[in-house]
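Please treat every number below as a calculation from the coordinates, not as lab data. Remember, predicted model here, so these are calculated numbers, not experimental data. Here the Cβ is made from the backbone with ideal geometry for all residues, glycine too, and neighbour counts use every protein chain on show.
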Amino acid sequence: MFHNTLLSLSVHSAALLNSPTSSLDPHTALSSHYAMAGLTRDELLAALTSMKVEVPAETSISDDALDRRLQRALKAAQHLEQAVPHPPLDPATLPKWGPQRGPVAQAARRGNLDDAFFAPLDAAAREQARAAAAPADSAFADLRRLVGAVAGLRDAGQRWCVVTVDGRVAMNLRVLDIYELDARTPVLVVVYKRLPYEDAAARAGLRWIDTQLSRESGGSLHATAPGLKLLTRLLAMNTKTLSSSFRPKKDPTEKDFKVSFLLPVGPLDYEDVGKFHKRPLCARCGSPTLGRCSECMAVPYCSTECQKADRAAHKPACRSLQGGTWLTVPIVSQLPGFEHLPFVENLNRYNSRKAAEPVRTDAARPPPNIHDENPFLVKIQFSGGAHMLVYDRQRSFQVYFSQTKDAGGFQEIVGEIQGPRGGYSGLKMYRWAKRVSDWELSVCFDREPQTEIMW
Ligand SMILES: [Zn+2]
Ligand SMILES: [Zn+2]
């Protein structure tokens with residue numbers, strides 16, 4: 001897979017080295033949007049959403065609170081707390097990743113059922129399917145791709161790369177060594193430098209490339225601007241987990257390079273998504289909280305103080321669910337005749353260090369419950385026939401209401417979808433629901449949720 005993203009630098013670098021003023025013009029570079037070091041607020045929100053971490057749309061939460069949540073999500077995506085249970089990490093105490101462990105890129109793969117589904121396809125079809133499944137602007141998808149590509153460098157006989165954004169070199173990175181945390185988990189120790197597009201820095205970056213090229217070939221990885229920012233955030237965070245006694249040998253041209261490490265990055269597990277969902281951020285101050293507005297259940301608050309302070313802003317959007325009818329509806333996870341469909345759960349089921357293999361959907365196993373007793377929004381889709389599709393925002397489960405299981409309840413919900421509160425041409429609606437048993441949802445079916453819905 002990484003062969004597509006790795007280009008021989010002999011051509012690429014020659015162009016850079018020969019025409020620094022055209023390809024690395026400092027004026028163009030400094031004015032470009034990705035010259036900014038960190039993720040913008042919108043990019044932070046988009047990154048969290050793409051990692052299935054719920055964030056309130058309100059704007060009063062500080063960037064710091066969002067960044068703290070992003071750090072927790074990035075830790076979960078790497079299983080950092082399980083991988084390094086007693087920080088700091090001193091890679092020098094670990095064994096090196098040996099050839100008996102096989103390709104590093106393969107070992108660094110962490111996926112979900114989507115990946116398992118795409119695995120049998122040939123590489124080109126897989127890339128196409130992935131591109132269609134993941135929006136190109138998903139910073140998290142790009143981060144996963146970049147980490148996989150860096151892991152693949154060694155397999156391709158390379159140790160260093162430049163990461164480019166829009167054809168400009170934005171990061172220099174070298175893999176110093178690869179260690180093993182366990183037989184399945186490589187740790188890539190890297191030195192890297194973000195290039196801020198200032199003329200001097202760009203020229204220093206080129207000197208580094210020149211030095212590296214004099215020894216061995218390298219790779220060129222193309223990144224989106226948010227993807228590179230997320231990679232930079234991850235590297236900066238991981239640096240703090242490294243032991244201060246770990247002092248790997250850097251080149252003379254790498255004096256101002258930072259030392260960090262990369263672990264396999266995968267979608268968050270159910271347990272982690274569930275933790276974020278159970279402790280959403282207060283819409284007012286951004287603290288993790290357990291409570292939501294009891295009227296609409298849509299907006300989380302940490303305290304009555306925050307709720308009071310937000311009342312004027314929240315009031316127009318808050319409409320009581322009181323008086324709404326909660327209907328208990330049986331759910332099934334597979335329909336007769338559709339057993340071949342693999343997409344019943346698409347959160348990660350085998351990123352977990354506990355299970356090496358994907359867990360395929362088993363119609364007899366109750367869908368996972370990341371919500372406990374708490375209300376959550378469901379999307380209910382109906383296109384005629386004897387069943388409708390139901391899932392939550394995280395797609396932690398995907399189930400059906402079936403006419404054969406409960407004809408009366410089924411008809412009530414069809415009437416609601418096609419009625420005045422349904423909307424969306426009678427094809428779908430969003431409603432608050434609670435899990436009341438392994439195989440039942442309770443749906444507040446005659447009240448529209450008063451919250452912005454984007455999925
Ligand atoms: Zn608060
Ligand atoms: Zn409310």
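Given R₀ = 22 Å, FRET efficiency for Ala236-Lys278 by Cβ-Cβ distance, to 0.05? Efficiency, rounded to the nearest 0.05: 0.20. Going by a ≥ b ≥ c, the root eigenvalues of the Cα gyration tensor, does segment 131-286 fall in the rounded group (a/c under 1.5), the prolate group (a/b larger than b/c) or the oblate group? Because a/c hits 1.5 or more and a/b exceeds b/c, segment 131-286 counts as prolate.
Compared with the alpha-carbon gap, the fully stretched path from Asp182 to Gln71 is longer by 37.6 nm at 0.36 nm per residue. Taking amide H positions as modeled 1.01 Å from N, with prolines and chain starts lacking one, the residues under 5 Å from Trp97 and 5 or more places away or on another chain are Ile178, Tyr179, Glu180. Once the Cβ-Cβ distance of Ser244 and Lys96 is raised to the sixth power relative to R0 = 30 Å, the FRET efficiency obtained is 0.85. Protection proxy ranking for 437-446, 231-240, using the average of other Cβ atoms within 10 Å per residue and placing the highest first: 231-240, 437-446. Using a/c under 1.5 as the rounded threshold, could you call segment 254-336 rounded, prolate or oblate? The axes a ≥ b ≥ c are square roots of the C-alpha gyration tensor eigenvalues, and prolate needs a/b larger than b/c, oblate otherwise. Oblate, because a/c is 1.5 or more while a/b does not exceed b/c.
Could you tell me whether segment 205-255 comes out rounded, prolate or oblate from its Cα gyration tensor? Rule is a ≥ b ≥ c as square roots of the eigenvalues, rounded for a/c under 1.5, then prolate if a/b exceeds b/c, otherwise oblate. It comes out oblate by the Cα gyration axes. Each residue, Ala312 and Glu412, gets one label point 7 Å from its Cα in the Cβ direction; the gap between the two is 4.1 nm.
To the nearest Å, what is the center-to-center distance of segment 204-260 and segment 278-333, using C-alpha atoms only? Using only Cα atoms, the two centres lie 44 Å from each other.
Extending 7 Å from Cα along the Cβ direction at Leu213 and again at Val332 yields two label points whose distance is 6.3 nm.
Among the chymotrypsin sites (Phe, Trp or Tyr not before Pro) within segment 246-281, those in coil by DSSP and having at most 16 neighbouring Cβ atoms inside 10 Å are Phe246.
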